[in-house]
Amino acid sequence: MSLLASSSILTTADVHRRVLDNGMVLLARESHASPTVSSMIWYRVGARNEAIGQTGRSHFLEHMLFKGTEKLGKGEIDLLTLKNGGNNNAFTSYDFTAYYFNFAADRWEKALDVEADRMVNTVFDPAEFESEKRVVIEELKTGLDQPWGLLTQELQATAYRRHPYGNPVVGWLQDLEVTTREGMEAYYRRFYNPANATLVLVGDFDVEQALDRAEKAFGSIPSGSPSPPVEITEPEQLGEKRITLRWRSDVPRLAIAYHTPRIG
């Protein structure tokens with residue numbers, strides 16, 4: 001592949017952008033390279049938006065969005081995906097939470113229906129909430145039951161004194177243990193809304209028809225508010241910081257982190 005061809009893949013010149021009346025941003029790129037469509041919704045909420053004592057909520061909430069809605073019961077989102085030959089998943093970071101579906105081009109619109117539904121109708125069943133809390137806590141403990149997991153968590157916490165980037169995305173164990181269903185649902189109602197979301201569509205479709213279909217799915221949902229900016233300023237670091245951890249393995253490990261300039 002030539003350098004020119006490689007560069008053209010990354011261009012945004014053919015990305016179509018539409019902003020709905022409720023504030024939701026739609027981005028679509030028509031591509032007929034294969035008869036498939038990828039749909040991905042990004043919410044502007046992540047670990048940096050969590051208050052002291054409430055860490056891990058963004059990641060925990062990601063799990064809850066697969067537990068069902070008022071229309072789709074437990075397991076039905078994954079079952080619908082499987083029956084239609086697609087796949088789906090999600091991930092949480094410090095700055096966002098994202099959910100995606102991949103479908104054949106003749107049935108990709110099912111992704112829009114699921115995402116529009118669980119944006120407002122996710123069910124927080126008490127039993128399912130407690131069950132998923134145990135799953136998330138076990139995920140945290142499993143990550144720390146290995147030298148790299150523990151080392152990178154302590155490295156991140158040492159690199160930041162005030163900014164929430166110092167907290168692990170999965171949260172601190174003590175915070176997860178006291179997380180309540182009511183608190184989680186309030187967090188969901190606060191951050192999951194059209195004004196705080198961007199939908200990205202790429203694939204084998206007519207771009208204007210795809211945008212129209214997305215607007216039909218999301219356009220009637222009440223706006224809500226975008227995430228407030230994180231105003232916490234990290235103090236200037238005046239020198240090198242070092243930490244030493246003891247682990248049951250005799251294999252030494254080293255991790256080094258550097259602060260970098262702000263992107264953009």
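Things worth noting here:
- Selected residue (only one of GLY75, GLY68 is open to solvent by 30 Å² or more (accessible area, probe 1.4 Å), within 20 Å of the chain's Cα centre (by Cα) and either farther than 29 Å from PRO228 by Cβ or polar (S, T, N, Q) (or both)): GLY75
For (1) hydrophobic (A, V, I, L, M, F, W, C); (2) under 27 Å from LEU65 (Cβ atoms); (3) touching an Asp or Glu at 6+ places or on another chain (Cβ under 8 Å), each residue gets a yes or a no:
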| site | (1), (2), (3) |
| --- | --- |
| ARG190 | no, yes, no |
| PRO194 | no, yes, no |
| ASP206 | no, no, yes |
| PRO252 | no, no, no |
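- Out of TRP108, TRP42, sole residue that is under 24 Å from GLY219 (Cβ atoms), aromatic (Phe, Trp, Tyr) and open to solvent by 70 Å² or more (accessible area, probe 1.4 Å): TRP42
- Residue within the range 231-244 that is of a type in the set (Val, Ile, Thr) and closer than 16 Å to GLU154 by Cα present: yes
- In the range 64-72, the condition of being assigned to a helix (DSSP H, G or I) and over 18 Å from ALA105 (Cα atoms) is met by at least one residue.
- Selected residue (criterion: farthest from ARG189 (Cα to Cα)) from residues of the range 88-125 that are touching a strand residue (DSSP E or B) at 6+ places or on another chain (Cβ under 7 Å) and in a loop (DSSP other than H, G, I, E, B): ALA105
- Some residue of the range 135-145 being farther than 30 Å from THR69 by Cα and either in contact with a Pro (Cβ under 6 Å, 6 or more places away or on another chain) or in a helix (DSSP H, G or I) (or both): yes
- Residue count for the range 165-200, restricted to those that are outside any helix (DSSP H, G or I), hydrophobic (A, V, I, L, M, F, W, C), within 16 Å of the chain's Cα centre (by Cα) and over 30 Å from TYR258 (Cα atoms): 3.
The values are calculated or read from the model by the stated rules, or taken from the named source; none is laboratory data. What you are looking at is a predicted structure, and each value in this text was computed from that prediction instead of being measured. Note that each Cβ is placed from the backbone with ideal geometry, even for glycine, and that neighbours are counted across all protein chains shown. Each accessible area value is taken on the protein alone, full model and side chains, heavy atoms only, with ligands, DNA and RNA left out. Shrake-Rupley method; radii C 1.70, N 1.55, O 1.52, S 1.80 Å.
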